[in-house]
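Single-structure report; data block below.
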Amino acid sequence: MSHACLCLSAVCALMLAACTVAGSPAVPTAPSKADVYIGTYTGGLSKGIYRFELDLATGKASEPVLAGEAKNPSFLAIHPGRKHLYAAGEIGDFGGKKTGAVSAFAIEADGSLTLLNQQASEGQGPCHLAVDRAGRHVLVANYSSGTAAVLPIGADGRLGAASCTVRNEGKGPNARRQEGPHAHSINLDPANRFAFLADLGLDRVFIYRYDGAAGTLAPNDPPAGVCAPGSGPRHFAFHPNGKFAYVINELLNTVTVFAYDAEKGSLTGIQTVPTLPEGFSGSNTTAEVQVTPDGRFLYGSNRGHDSLAVFAVDAATGLLTPRGHAPAGGKTPRNFGIDPTGRWLLCAHQGSDSIAVFGIDAATGALAPTGQTLSVGKPVCVKMIAR
């Protein structure tokens, strides 16, 4: 699961669990609630990771509360067992080294978080992480150092020291932003065989063979999916059918569509589309990209234009058709989350200390504000656990 913490497979698991009651078949039930966790930059209004409840039938959200204190717990990932949460700590040093950290938390019965331990992220500026689909490792991308690391997860949810660290070399044409490698996200394929490292500095999505037993990353052949020079690939999302992948490019404000060969682990570029409306001349960088659970729509966030770009997805070809833009409801839409039913989108505004709730039109993909704006200081990441 890439940017949504509970993908359809987890929802299916919930439904299957409900299918047998006292040995008799039962009608599967969809989740009715979701616990929403928000990663933030601390200082000012924020003290760590926040939590609220989302009613999946009505879209009604409760008031956010502090779930666990931490320093700059920017990006979050949730263990597939749903009992542990991991946070990238964007701090200047850890354990006497110039590195960020990754924190492990236990998710308590009331939704609060208890810190278990921390480990070095093996690089500066950890900005994205993911838990592998078997729940064995946390994979973390370190933006400033351009490194990625694999950290083992113990039976109790605690993290061990990194079992593997990788870094690529080179630079891109944007002298200010691409002077070297900048690992901006790391994700795994549906089969848990390959890891994909989007590097903003090198205009590549590097592909690694992932060994879930050893906790190692080995360069794949072919080694990367290629974006146009100066693109600045940032975040990455698979289509639910596993045949296509999408990368949002921070510097050129585009989305690149890749055809995915699951056997070879290869990415072949087939389309690139702009995220901004024609004629926009202001300053903008993109941030998040996600596909709805039914695979019909894709959204990308624009920081500057402060909008969410809407695209229809052709499930047969993977190609995107622009469907317009929705005002994000706040400044600097850094990240957003789509609930597992595909009915609601929650957009986090780093620049206005708020989260807006939108309804998703199942027929058109259009986003309709619900009128709810939640107050959270400098929100960076939205993750959900359905129940």
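If the cut-off is 13 Å between C-alpha atoms, which aspartates and glutamates fall inside it for LYS171, apart from same-chain ones fewer than 8 positions away?
Excluding near neighbours in sequence, the set is GLU179, ASP199, ASP203.
Kindly state, to the nearest 0.05, the FRET efficiency for LYS97 paired with ASP314, given R0 = 56 Å and r defined as their beta-carbon distance.
About 0.75, to the nearest 0.05.
Which cross-chain or sequence-distant (5 or more) residues have an amide H under 5 Å from the amide H of VAL255, H modelled 1.01 Å from N in plane?
Residues meeting the amide H criterion: ASN249, VAL273, THR275.
Using the Karplus curve 6.51 cos²θ - 1.76 cosθ + 1.60 with θ = phi - 60°, work out ³J(HN,Hα) for each residue of region 65-75 in order, rounded to whole Hz, and write x for Gly and Pro.
Once θ is set to phi - 60°, the couplings for region 65-75 become 10, 6, 8, x, 7, 6, 9, 6, x, 5, 9 Hz.
Excluding residues on the same chain fewer than 8 positions from LYS83, give the aspartates and glutamates whose Cα lies under 17 Å from its Cα.
Here the aspartates and glutamates satisfying the reach criterion relative to LYS83 are ASP35, GLU53, GLU108, ASP110, ASP132, ASP156.
Which FRET efficiency, nearest 0.05, do LYS60 and LYS83 yield, Cβ-Cβ r, R0 25 Å?
Plugging the Cβ-Cβ distance into 1/(1 + (r/R0)^6) gives 0.45.
Which value, to two decimals, describes the C-alpha radius of gyration of the chain once divided by 2.2 N^0.38 Å?
That works out to 0.91 for the chain.
How many nm is it between the label spots at ARG176 and ALA368, if each spot is 7 Å from the Cα in line with the beta carbon?
Spacing of the two 7 Å Cα→Cβ label points: 4.1 nm.
Can you compute 3J(HN,Hα) from phi for each residue in region 370-387, using the Karplus curve 6.51 cos²θ - 1.76 cosθ + 1.60 with θ = phi - 60°, rounded to whole Hz and x for Gly and Pro?
Along region 370-387, the couplings run 8, x, 8, 10, 9, 9, 9, x, 6, x, 10, 9, 10, 10, 10, 10, 7, 8 Hz.
Taking 0.36 nm per residue of sequence separation and subtracting the Cα-Cα distance, how much length would be gained by fully extending the chain between ARG387 and LEU45, in nm to one decimal?
Contour length minus Cα-Cα distance gives 120.2 nm.
Could you work out the relative contact order of region 235-313, using alpha carbon pairs under 8 angstrom and six or more residues apart, expressed as a whole percent?
Dividing the mean separation by the residue count of region 235-313 yields 25 percent.
Taking only C-alpha pairs under 8 Å that are 6+ residues apart, what is the relative contact order of the chain in percent?
After rounding, I find 13 percent.
Working out 0.36 nm times the residue gap between ASP261 and ARG158, then minus their Cα-Cα distance, what length gain in nm do you get to one decimal?
Value of the extension gain: 33.7 nm.
Bear in mind these aren't lab numbers, they're just calculated from the coordinates by the rules spelled out. All values reported here derive from a predicted model rather than from experimental measurement. We place every Cβ from the backbone using ideal geometry, glycine too, and count neighbours over all the protein chains shown.
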